[in-house]
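The values are calculated or read from the model by the stated rules, or taken from the named source; none is laboratory data. None of these values were measured; they are calculated from a predicted model. FYI the Cβ positions are ideal-geometry reconstructions off the backbone, even for glycines, and counts take in every protein chain you see.
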Amino acid sequence: MKKILLIGLSLLLSGCVSVAKIEGGDRVVGERLTLTIEGAWNHVNAPGLGPAQVWTMEGMTIDQMLIYTGLKDGEVIHAPSPSGQKSFTFKSSMQPDEIVGLFEGTFTRDGSTFKLVKLEPANVGGQKGFRFEYALVRKVDSVRLSGVGFVAVSRNELFAVVYQAPRLVFFERNAARIENIGRSMRIKG
């Protein structure tokens with residue numbers, strides 16, 4: 001936990017981090033994705049966060065909604081890796097369980113523990129996609145997180161909304177809101 005806080009503080013002090021408030025309503029995210037957002041969110045923009053937009057309601061160490069808006073075939077799904085760490089690359093031909101494996105690999109690169117709880121087909125953004133639920137024990141502070149993801153591949157690009165938060169309070173507080181955001185996804189083209 002101290003490591004995460006020190007990194008966050010360092011980024012803030014260096015002026016590299018920007019936070020934009022996102023109000024509720026229909027929001028175009030990227031070039032082809034539209035979401036209907038409930039409540040106010042904060043879009044965190046900082047170097048090294050990776051290809052997903054990171055949104056939070058409570059702060060990045062508490063909850064995160066990762067929004068992928070057209071990750072192309074052959075691109076990595078996570079922030080740049082320190083040398084020696086395995087990279088997880090999206091391929092448009094991947095099956096749902098393989099795509100979930102990308103998220104698992106990304107979330108466990110620091111030694112955290114991931115468990116897939118549920119994987120089911122779903123209409124995501126008007127496309128044939130899937131929904132998955134997972135449990136994660138964060139290594140840095142042993143916090144138990146719950147997560148849910150909504151994923152579709154359209155024109156060989158990955159679109160996803162993945163949310164995670166501590167399971168006891170924060171995840172349950174926002175679960176219905178996240179389900180509505182996931183169901184609201186609309187992918188153009």
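Structure values in brief
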| item | result |
| --- | --- |
| Test: residue in segment 115-126 that is at pLDDT below 95 and in contact with a strand residue (DSSP E or B) (Cβ under 7 Å, 6 or more places away or on another chain) | yes |
| Residue count for segment 3-28, restricted to those that are loosely packed, with under 13 Cβ neighbours inside 10 Å, of a type outside the set (A, V, I, L, M) and either at pLDDT 90 or above or in contact with a helix residue (DSSP H, G or I) (Cβ under 8 Å, 6 or more places away or on another chain) (or both) | 6 |
| Residue match in segment 133-150 (condition: touching a strand residue (DSSP E or B) at 6+ places or on another chain (Cβ under 9 Å), in contact (Cβ under 8 Å) with a residue 40 or more places away in the chain and on the phi > 0 side of the Ramachandran plot) | no |
| Where V151 falls short, out of the listed (1) out of contact with any Ser or Thr (no Cβ under 9 Å at 6 or more places or on another chain); (2) surrounded by 14 or more Cβ atoms within 10 Å (Cβ to Cβ); (3) more than 15 Å from I99 (Cβ to Cβ); (4) not small (G, A, S) | (3) |
| Qualifying residue in segment 93-113 (condition: modelled with pLDDT of 95 or more and among the basic types (K, R)) | no |
| Test: residue in segment 87-94 that is part of a loop (DSSP other than H, G, I, E, B) and under 16 Å from the mean Cα position of the chain (by Cα) | yes |
| Test result for F159, of a type in the set (F, W, Y) and in contact with a His (Cβ under 7 Å, 6 or more places away or on another chain) | no |
| Answer from E98, E31 - the residue that is outside any strand (DSSP E or B), among the charged types (D, E, K, R) and either out of contact with any strand residue (DSSP E or B) (no Cβ under 7 Å at 6 or more places or on another chain) or surrounded by 12 or more Cβ atoms within 10 Å (Cβ to Cβ) (or both) | E98 |
| Evaluation of F170 against (1) surrounded by fewer than 17 Cβ atoms within 10 Å (Cβ to Cβ); (2) more than 18 Å from Q53 (Cα to Cα) (one fails), failing number | (1) |
| Matching residues in segment 127-141 - criterion: being more than 14 Å from F114 (Cβ to Cβ) and not charged (D, E, K, R) | Q127, G129, F130, V140 |
| Only one of V151, V161, V140 that is within 26 Å of G111 (Cα to Cα), part of a loop (DSSP other than H, G, I, E, B), touching a helix residue (DSSP H, G or I) at 6+ places or on another chain (Cβ under 8 Å) and not polar (S, T, N, Q) | V140 |
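Yes/no matrix, rows are residues, columns are (1) closer than 16 Å to E120 by Cα; (2) at pLDDT 95 or above; (3) β-branched (V, I, T):
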{"site": "K139", "(1), (2), (3)": "no, yes, no"}
{"site": "F150", "(1), (2), (3)": "yes, yes, no"}
{"site": "V162", "(1), (2), (3)": "yes, yes, yes"}
{"site": "V169", "(1), (2), (3)": "no, no, yes"}
{"site": "G182", "(1), (2), (3)": "yes, yes, no"}
{"site": "I187", "(1), (2), (3)": "no, yes, yes"}
